[in-house]
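I have placed the structure first, in the form of structure tokens, so that the comments after it can refer back to it.
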Amino acid sequence: MSSNALLKALNALEAFQSSSGSLTVKDIAKLTGETESSVQRSAYTLEALGYLERENAGSRYVPGRSCLRPVYGYLRNNRFLETATPYLIDLSERYSTRADLTVLDGTDIVYLSRIPNRDELLNLSPLGRRWPAVSTASGRAILAALPEEVRSKILTDSAFSKITPMTLDSLEAVEEAIREAQSAGFAYQSEEVLIGAASVGAAVRDADGKVHGAVILGGPASAFESSSQRDILGEAVKKAALAIGAYNLS
């Protein structure tokens, strides 16, 4: 497969990130900006390799099981995830809440791991799920820890839009939230991405100052309403992030 054909095939797979169901060739073409004939060629190759499957043997596609192969390889060889997991388990058990690990990808944060609390054991893991970094506690924690020029570039490229009525949707408001995160050492958001849910997050930096991602504690917004409880959880993610960052993560 040529590099151009590979890029088009990867773009076709990426189209499913913004879809909650199956897609036709026409749907993928619309989402990627490619012609239907080009998408058809990509879909044929991806289906042959198992990266796309037909829904009910029809004309609609869903991601195939072969997509799990590179994911497994990535996770298995991810030292950051391996190092952080025991700390996430400890946080979840000690505070009876959900503990997550995220990384920054462009202007989004992406979930690498989730340790649910006992009430969430049957919930689907959000592995790979994305949210705008500017709207999340982990994203703002990461942005707060980045060099100013890098942070400014990400903020410039970000789209400030309402996910819920509570979402901060202006550069000025997000910059203020980032300053608060820099002062406190952790970021906080309530109901900005999901109604009824809140979280605190702290960035993980190694000895060289490189930012690898963020540790999060999340749960019902009511559990974060008390500023004293919020500070306790914030200090917990700060300590965990500091401990994880002390390891060789590269």
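The values are calculated or read from the model by the stated rules, or taken from the named source; none is laboratory data. All values reported here derive from a predicted model rather than from experimental measurement. Positions of Cβ are generated from backbone atoms using ideal geometry, with glycine treated the same way; all protein chains shown enter the neighbour counts. With ligands, DNA and RNA removed, areas are computed over all heavy atoms of the protein, side chains included. Shrake-Rupley method; radii C 1.70, N 1.55, O 1.52, S 1.80 Å.
Relative contact order, percent, of the chain when contacts are C-alpha pairs under 8 Å separated by at least 6 residues?
Working: 428 pairs, mean separation 36.5, N = 250.
After rounding, I find 15 percent.
How much of the accessible area of region 88-235, in percent, comes from carbon and sulfur atoms when a 1.4 Å probe is used?
Reported share for carbon and sulfur atoms: 50 percent.
Averaged per residue, what accessible area in Å² does the chain show with a 1.4 Å probe, protein chains only?
Working: 13640 Å² over 250 residues.
Ligands and nucleic acids excluded, the figure is 55 Å² per residue.
Which of these, Leu112, Leu52, Leu155, has the largest mean-square fluctuation under a Gaussian network model of the chain (Cα springs below 10 Å)?
Among Leu112, Leu52, Leu155, the largest mean-square fluctuation in the Gaussian network model of the chain belongs to Leu52.
Could you rank Thr45, Thr156 by how accessible they are, 1.4 Å probe, largest area first? Write out the running numbers ahead of the final one.
Values: Thr45 45, Thr156 110 Å².
Accessible-area ranking of Thr45, Thr156, largest first: Thr156, Thr45.
Under 17 Å from the 7 Å Cα→Cβ point of Glu191, by amide nitrogen: which residues of region 162-177?
162-169
If you split all Cα-Cα distances of region 170-209 into 10 Å bins from zero, what percentages do you get per bin, shortest first?
Reading the bins upward from 0: 26, 46, 24, 4.
Express in nm, to one decimal, how much length is gained between Arg76 and Glu47 on full extension, taking 0.36 nm for each residue of separation and deducting their alpha carbon distance. Before the final figure, lay out each step's value.
On the way: separation 29, 0.36 × 29 = 10.44 nm, distance 2.53 nm.
7.9 nm is the gain from fully extending Arg76 to Glu47.
Suppose every Lys and Arg Cβ carries +1 and every Asp and Glu Cβ carries -1, with no other charges. What dipole size does the chain come out with about its Cα centre, to the nearest 20 debye?
Numbers: 26 positive and 30 negative charges, 148 e Å.
Computed charge dipole of the chain: roughly 720 debye.
Once you've got the GNM for the chain with C-alpha springs shorter than 10 Å, pick whichever of Ser113, Ser170, Ser138 has the biggest mean-square fluctuation.
In the Gaussian network model the winner is Ser170.
Quick one: which of 140-147, 14-21, 104-111 comes out on top by average Cβ neighbours within 10 Å, and what's the full order, highest first?
Details: 140-147: 25.2, 14-21: 12.2, 104-111: 18.6.
Going by the mean number of other Cβ atoms within 10 Å, highest first, we get 140-147, 104-111, 14-21.
If packing is taken as the mean number of other Cβ atoms within 10 Å per residue, what is the order of 85-91, 212-218, highest first?
Ranked by mean Cβ neighbours within 10 Å, highest first: 212-218, 85-91.
For region 166-243, what's the relative contact order in percent, using C-alpha pairs closer than 8 Å and at least 6 residues apart? Intermediate results must be reported in sequence, preceding the final value.
Working: 114 pairs, mean separation 20.7, N = 78.
After rounding, I find 26 percent.
Which shape class applies to region 145-250: rounded if a/c is under 1.5, otherwise prolate when a/b exceeds b/c and oblate if not, where a ≥ b ≥ c are the square roots of the Cα gyration tensor eigenvalues? Numbers along the way, then the final one.
Working: a/c = 2.10, a/b = 1.15, b/c = 1.82.
Because a/c hits 1.5 or more and a/b fails to exceed b/c, region 145-250 counts as oblate.
Using alpha carbons only, how many angstrom separate the centre of region 135-179 from the centre of region 183-250?
When both Cα centres are located, 15 Å separates them.
Would you mind putting 92-98, 160-166 in packing order, based on average other-beta-carbon counts within 10 Å, highest first? All intermediate terms of the calculation are to be shown ahead of the outcome.
Details: 92-98: 17.0, 160-166: 13.1.
The packing order, highest mean first, is 92-98, 160-166.
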